[in-house]
Amino acid sequence: MSEQKAPQIKHSPGVPWREYLDEQLKNPEFRAEYDALEGEFALIRQLIDLRIKRGLSQRDLAQRAGMQQPSIARLETGQTASLRTLRRVADALDADVRVTLVPRQAKLAGKGKRRM
């Protein structure tokens with residue numbers, strides 16, 4: 001019996017995502033939406049960096065926080081989390097959560113002050 005070689009399949013190269021992103025960022029509407037997510041991405045990056053710095057896997061962190069690993073994975077992919085959940089994860093990382101509200105100066109500049 002002769003050995004049959006598997007056919008070679010040529011794969012097209014993956015989408016050069018950085019080039020694609022750079023192109024999309026030229027669109028002002030896309031750019032505004034992308035920039036609006038900056039805070040969320042920064043929080044996610046901090047969470048992942050601190051988890052790695054502590055030498056924890058997602059499973060380890062989940063166990064410490066009394067959660068399931070998929071919950072940590074969802075946090076790290078930017079799915080919505082409550083402040084309570086963030087605090088549980090922060091406690092498991094021996095960290096604090098700080099949330100601040102900062103007025104948007106550009107929008108406030110054109111408006112008169114209102115008393116509450």
*Only residues that are small (G, A, S) and without any contact (Cβ under 8 Å) to a residue 40 or more places away in the chain: list them for region 79-106, please.*
A81, S82, A90, A92, A106
*Can you tell me which of L75, L50 is out of contact with any strand residue (DSSP E or B) (no Cβ under 7 Å at 6 or more places or on another chain) and touching a residue at least 40 places away in the same chain (Cβ under 8 Å)?*
L50
*asked:* Looking only at region 52-74, filter to residues that are among the aliphatic types (A, V, I, L, M) and in a helix (DSSP H, G or I); which one of those is surrounded by the most Cβ atoms within 10 Å (Cβ to Cβ)?
replied: I72
_Search result, residues across region 75-113 that are surrounded by 12 or more Cβ atoms within 10 Å (Cβ to Cβ), outside any helix (DSSP H, G or I) and at pLDDT 95 or above_ = L93, A95
*Which residue pairs have Cβ atoms under 7 Å apart, sit 6 or more places apart or on different chains, and have a first residue in region 1-30 that is surrounded by fewer than 10 Cβ atoms within 10 Å (Cβ to Cβ) and a second that is in a loop (DSSP other than H, G, I, E, B) and modelled with pLDDT of 65 or more?*
none
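The values are calculated or read from the model by the stated rules, or taken from the named source; none is laboratory data. Remember, it's a predicted structure, so these values are computed and weren't measured experimentally. Reconstructed Cβ throughout: ideal geometry from the backbone, glycine too, with neighbour counts over all protein chains shown.
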